[in-house]
Amino acid sequence: MADIWADGEGDSWWVRNAPTLLSGQRAMHDAALALVAAIPEPASVLEVGCANGWRLALLQERYGAACCGCDVSEAAIADGRERYPDVFLSLAAAHYMLYRDKAFDVVIFSFVLHWIDRPRLASVIAEADRVLAPGGHLIVVDFLPLWPTKRRYHHRQDVEAWTYKQDYAACWLSLGTYTQRRRILFNHDTGEPGVCDAGAQAAGVLLRKEEAYTCA
């Protein structure tokens, strides 16, 4: 999946979704923005899989934060660099990010992780942990089925590609160095809060980078 995403499918996704993103409709019911509002004002934010950086531009406007984003879509990054010149956007994959260690106090994944090819998922988790400062916040928004599920990617029938849906916040919680601060359940299709049909169920989870261990 990672190869087709970097080799043009990221641009295809952008073309399909740009009208909605640019209209501002997503911001009205955006779980990631709501979770950022629940923490102290951030000074530095990274969004992985940021499209054209529309969410980062809003965060920069609201909080004055230094905002960076990376995505594999050349078209999306080009649009964002022209539209939001004060947001630093780079063409880069989630499993290898050219940022220094502990560079950000907030890292955001919003409906990105289910696209990640499974052999690269561990690298994505490690990279996010590397660039997030101790005491910082990780925001993970994605589908939340009743159990881990994979589904054939319906936009590309010419190749065997899958999406993977699961509780991604659990990946970082299992490290023992993150604690969950807040979890929002909502309908991916409508944005309405609360529990819904498993096919549309999504979760936004706010994690803090701090040890979860107790002394024995």
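Here are a few things to note about the model shown:
- Average projection area in nm² (convex hull over Cα atoms of the range 82-191, one quarter of hull surface): 9.1
- Per-atom-type breakdown for the range 99-198 gives carbon and sulfur 54% of the accessible area (1.4 Å probe, protein chains only).
- Beta bridges per DSSP with both ends in the chain, % antiparallel, nearest 5: 50
- Gyration tensor verdict on the range 18-71 (Cα atoms; rounded if a/c is under 1.5, prolate if a/b is larger than b/c, oblate otherwise): oblate
- For C196 and D7, the difference between the fully extended length at 0.36 nm per residue and the C-alpha to C-alpha distance is 64.6 nm.
- The range 1-104 - Debye-derived log10 I(q)/I(0), Cα point model, q = 0.21 Å⁻¹: -1.17
- Dividing the convex hull volume of the alpha carbon atoms of the range 152-216 by its residue count gives 128 Å³ per residue.
- Here each label is just a point 7 Å from Cα along the line to Cβ, and for S90 and T179 those points are 3.2 nm apart.
- Two-site FRET efficiency, L98 against W147, from Cβ-Cβ distance with R₀ of 45 Å, rounded to 0.05: 0.80
- Most fluctuating residue given options E74, E61, E47, as computed from a GNM of the chain linking Cα atoms under 10 Å: E61
- Inverting the pair-averaged 1/r between distinct Cα atoms of the range 60-126 gives 13.3 Å as its Kirkwood hydrodynamic radius.
- For H154 and R81, the FRET efficiency from 1/(1 + (r/R0)^6), where r spans their Cβ atoms and R0 equals 41 Å, is about 0.85.
- Were the residues from E210 through N17 laid out at 0.36 nm apart, the gain over their Cα-Cα distance would be 65.9 nm.
- The chain shape via C-alpha gyration tensor axes, a/c threshold 1.5: rounded
The values are calculated or read from the model by the stated rules, or taken from the named source; none is laboratory data. Quick caveat: nothing in here was measured; it's all calculated off a predicted structure. Reconstructed Cβ throughout: ideal geometry from the backbone, glycine too, with neighbour counts over all protein chains shown. For the accessible areas, the whole protein counts, side chains as well, though only heavy atoms, and no ligand, DNA or RNA atoms are used. Shrake-Rupley method; radii C 1.70, N 1.55, O 1.52, S 1.80 Å.
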